[in-house]
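Working notes for the structure below.
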Amino acid sequence: MPPAQILNHEKLVAILTDMHMAEGFVRLNKLPEGIPTDSAFYAAVYRKHSVTIAQVDSAFKWYTINNPGLMEKIYEEVLEKLSNIETSLKNQ
């Protein structure tokens, strides 16, 4: 169980899922000059989830160091969510 100041694993799953989606969007689309890059997309993810980069970094480090098994589970959940999103989009 993480300390109170560390994001819970459900919130971290949601944040990481959105971050990977944002990163994928930036990588797959050649954005015209003047369109925000991945750092702007990450900032939007942090705003959406009402967190700071420091909170996300702290949570990532805490789970990686103190509970690597749970960190692996977190990424399995992220991959499952991304796979479900991909399937949903293909079926539209």
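Put in order of Cβ neighbour count within 10 Å, fewest first, the listed residues Y46, Y63 become Y46, Y63. Taking the 0 to 90 degree range and rounding to the nearest ten, how far is the long axis of helix 9-28 tilted relative to the main principal axis of the chain, both from C-alpha atoms? Roughly 30 degrees between the two axes.
Rounded to the nearest 500, the helix-only mean residue ellipticity at 222 nm of the chain stands at -25000 deg cm²/dmol, with each DSSP H run of n ≥ 4 adding -39,500 (n - 2.57).
Close amide H contacts of L7 (hydrogens built in the peptide plane, cut-off under 5 Å, sequence separation of 5 or more or a different chain): A59. For L79 and F25, the FRET efficiency from 1/(1 + (r/R0)^6), where r spans their Cβ atoms and R0 equals 30 Å, is about 0.95.
Can you pull the percent of Cα pairs in region 9-90 with separation above 21 Å? Summing the P(r) tail past 21 Å for region 9-90 gives 35 percent. Computed from the C-beta positions of A43 and N91 and an R0 of 41 Å, the FRET efficiency is 0.85 to the nearest 0.05. Could you work out the relative contact order of the chain, using alpha carbon pairs under 8 angstrom and six or more residues apart, expressed as a whole percent? Reported relative contact order: 43 percent.
Values quoted throughout were computed directly from the atomic coordinates according to the rules given, and no laboratory measurement underlies them. The model shown is predicted, which means the values in this text are computed figures rather than measured ones. Every residue, glycine as well, gets a Cβ built from its backbone with ideal geometry; the counts of neighbours run over all protein chains shown.
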